[in-house]
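**Q** My questions all concern the structure below.
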Amino acid sequence: MLTTLSIRALKPQTKPYKVSDSKGLFLLVQPSGAKLWRFSFRHRGIERSFLWAAFQRCRFRKHERSVTKR
């Protein structure tokens, strides 16, 4: 499970990359340095994902609790 300190330590690279958390939740690190929470799921065999929130604008524990309740 990702922690706030480990997320803040992530550095941007030339291409966007994913850092997995749990149960389909992952952090997408953009070349600009933006860190976006996304949720990935499958519907009718097609993989989909939607934007959850930007890391700087959300409280990490709040999202962690909502995912672990499911």
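**Q** Are any residues in the range 26-45 within 8 Å of the chain's Cα centre (by Cα) and of a type outside the set (Lys, Arg), and if so, which ones?
**A** PHE26, LEU27, LEU28, LEU36, TRP37, PHE39
**Q** Can you list residue pairs whose Cβ atoms sit under 9 Å apart, with the first residue in the range 35-48 being surrounded by 14 or more Cβ atoms within 10 Å (Cβ to Cβ) and the second being among the β-branched types (Val, Ile, Thr)? Count only pairs 6 or more apart in sequence or on different chains.
**A** Taking only residues 6 or more apart or on different chains, the pairs are LYS35/ILE7; LYS35/VAL19; LYS35/VAL29; LEU36/VAL29; PHE39/VAL67.
**Q** Here is a further query. Considering only residues that are in contact with a Ser or Thr (Cβ under 9 Å, 6 or more places away or on another chain) and under 16 Å from TRP52 (Cβ atoms), which ones fall in the range 29-40?
**A** Going through the range 29-40, the residues in contact with a Ser or Thr (Cβ under 9 Å, 6 or more places away or on another chain) turn out to be 31, 38-40.
Result: ARG38, PHE39, SER40.
**Q** What's the number of the condition ALA9 fails, among (1) modelled with pLDDT of 90 or more; (2) touching a strand residue (DSSP E or B) at 6+ places or on another chain (Cβ under 7 Å); (3) loosely packed, with under 13 Cβ neighbours inside 10 Å?
**A** (2)
The values are calculated or read from the model by the stated rules, or taken from the named source; none is laboratory data. The structure presented is a predicted model; accordingly, all values stated were derived computationally and were not measured. A quick note on method: Cβ atoms are made from the backbone with ideal geometry, for glycine too, and the neighbour counts reach across all protein chains shown.
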